[in-house]
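Encoded as structure tokens, the structure appears first; notes follow it.
The values are calculated or read from the model by the stated rules, or taken from the named source; none is laboratory data. All of these numbers come straight from a predicted model, not from anything done at the bench. Cβ placement follows ideal geometry from the backbone for every residue including glycine, while neighbour counts extend to all protein chains displayed. To get the accessible areas, we keep the full protein, side chains included, count just its heavy atoms, and leave off ligands, DNA and RNA. Shrake-Rupley method; radii C 1.70, N 1.55, O 1.52, S 1.80 Å.
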Amino acid sequence: MHGTALSIETTSFEVEFGAEASVLGGAGRVTRLALPWLGGTRTERLFRGARWAGESDGFQLWETDGLRIGATVQAVGTSLRRTTREVYERLLRASVGWPLYRVWNYVPGINDTADGGENYHVFCEGRAEAFEALHGSGFERALPAASAVGSDGSALATVFVAGRATPRHLENPEQVPAYEYPREHGPRPPSFSRATVAQTQSGRRLVFVSGTAAIKGHATIAAGDLDAQLDCTLDNLRLISRAASLGDALGAEASTARHFKVYLRDPATYRRVRDRLEAEFVQASDHVTYLQAEVCRAALEVEIEATLVGR
């Protein structure tokens with residue numbers, strides 16, 4: 001019994017990519033997500049000290065240094081909109097009293113059409129309905145950094161990070177806030193901020209940068225041109241870096257553990273994108289995961305996100 005308790009206590013929250021189906025890990029096990037892994041770091045360990053904290057509202061929970069981490073996987077069934085709203089209602093209950101810092105969403109068939117619209121738009125409807133039901137018409141002020149990309153299988157997987165400290169949510173000055181997008185991008189705009197800055201209980205700085213792609217204003221840039229979209233994406237990351245008071249390089253000069261995920265629509269572009277990012281943006285000490293995934297707009301070829309954890 002003592003050996004089992006020690007194993008649970010010392011096992012951090014970990015996510016492994018490349019699974020055939022998304023499966024929750026639970027205490028002492030790795031959560032596996034159904035996104036094809038292309039290269040780089042296969043198992044993501046953002047918070048190595050996180051300890052198993054049980055379950056709440058269908059979310060498995062871990063806690064460390066004033067942070068709460070939650071994960072769930074739910075079969076979509078007949079309605080992605082209803083499933084998304086249910087997942088987010090449960091998420092908001094599981095994080096009550098803990099302001100949200102970051103949410104990752106892995107949406108099956110994100111660019112497919114169902115429920116009377118594109119799956120991403122339907123997902124955004126369900127998510128917005130859940131936030132609005134809790135926070136009312138001004139819910140945008142509470143929106144954390146987030147991303148939503150496609151996944152294999154038929155289940156919606158959602159992971160969140162919340163904390164005790166009050167966060168600061170940031171926007172890109174050259175992009176319309178996602179929650180203010182016009183109706184051409186769907187009946188309800190996406191519910192997220194471009195980045196969130198917070199601190200752990202011990203004072204370590206956290207910066208969560210949402211999935212970032214080739215969008216200026218609210219328009220897609222350079223459809224069909226991977227290199228031009230990378231140019232725009234990296235420019236947007238630099239703008240967010242400045243907004244977070246990190247200079248132009250997202251904390252590359254600071255004592256910070258940097259974790260990146262790079263989502264590529266076409267797996268054949270992996271080496272080309274990797275070589276360019278290694279030459280221009282990421283460092284040898286960074287944790288970089290390359291995944292094949294559809295991103296929120298069919299015209300976008302690449303999306304990059306970042307999580308910075310102060311040492």
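Volume per residue of the convex hull around the Cα atoms, evaluated for the stretch 45-100, comes out as 90 Å³. Remark: the stretch 1-147 carries a charge dipole of roughly 320 debye about the Cα centre, counting +1 on each Lys and Arg Cβ and -1 on each Asp and Glu Cβ.
Residue-wise HN-Hα couplings along the stretch 60-76, as the Karplus relation 6.51 cos²θ - 1.76 cosθ + 1.60 with θ = phi - 60° gives them from phi, are 7, 10, 10, 9, 6, 6, x, 10, 10, 10, x, 9, 8, 10, 9, 4, 6 Hz; Gly and Pro carry x. Across the chain, Cα-Cα pairs farther apart than 38 Å form 6% of the total. The figure for residue 235 is an accessible area of roughly 50 square angstrom, using a 1.4 Å probe on the protein chains alone. When the chain is described by a simple charge dipole with +1 on each Lys and Arg Cβ and -1 on each Asp and Glu Cβ, the residue from 232, 106, 69 located farthest towards its positive end is 69. When the Cα positions of 145, 279, 38 are compared along the charge dipole of the chain, 145 comes out farthest toward the positive end, with charges on each C-beta of Lys, Arg, Asp and Glu.
Probing with 1.4 Å while keeping every protein chain in the model, the per residue accessible area of the stretch 136-226 equals 39 Å².
Calculate the tail of P(r) for the stretch 77-179: the fraction of all Cα-Cα distances greater than 16 Å, expressed in %. Here the tail beyond 16 Å accounts for 59 percent of pairs. Solvent-accessible area assigned to carbon and sulfur over the chain amounts to 47 percent, based on a 1.4 Å probe.
With a 1.4 Å probe rolled over the protein heavy atoms of all chains, the accessible area of 93, 265, 311 falls in the order 311, 93, 265, largest first.
Charged neighbours of residue 309, selected by a Cβ distance under 15 Å, balance to +3 (K, R count +1; D, E count -1). Evaluated over the Cα positions of the stretch 231-304, the convex hull gives a direction-averaged projected area, one quarter of its surface, of 5.1 nm².
Oblate is the label for the stretch 3-141. Its Cα gyration tensor axes, ordered a ≥ b ≥ c, give a/c of at least 1.5 and b/c at or above a/b. The orientation-averaged shadow of the Cα convex hull for the stretch 166-288, equal to a quarter of the hull surface, comes to 8.6 nm².
Charging the Cβ of each Asp and Glu at -1 and of each Lys and Arg at +1, and nothing else, the dipole of the stretch 134-228 about its Cα centre rounds to 560 debye. In this entry, the stretch 172-226 is assigned a mean projected area of 5.2 nm², taken as a quarter of its C-alpha convex hull surface. The charge dipole of the chain, taken about its Cα centre with unit charges on the Cβ atoms of Lys, Arg (+1), Asp and Glu (-1) only, comes to about 860 debye. Percent of Cα pairs in the stretch 14-79 per distance bin of 10 Å, from zero to the largest separation: 20, 48, 27, 5. In terms of the Cα gyration tensor, with a ≥ b ≥ c the square roots of its eigenvalues, is the stretch 119-194 rounded because a/c is under 1.5, prolate because a/b exceeds b/c, or oblate? It comes out rounded by the Cα gyration axes. When the chain is treated as a Gaussian network with alpha carbon springs shorter than 10 Å, the biggest mean-square fluctuation among 181, 106, 120 belongs to 181.
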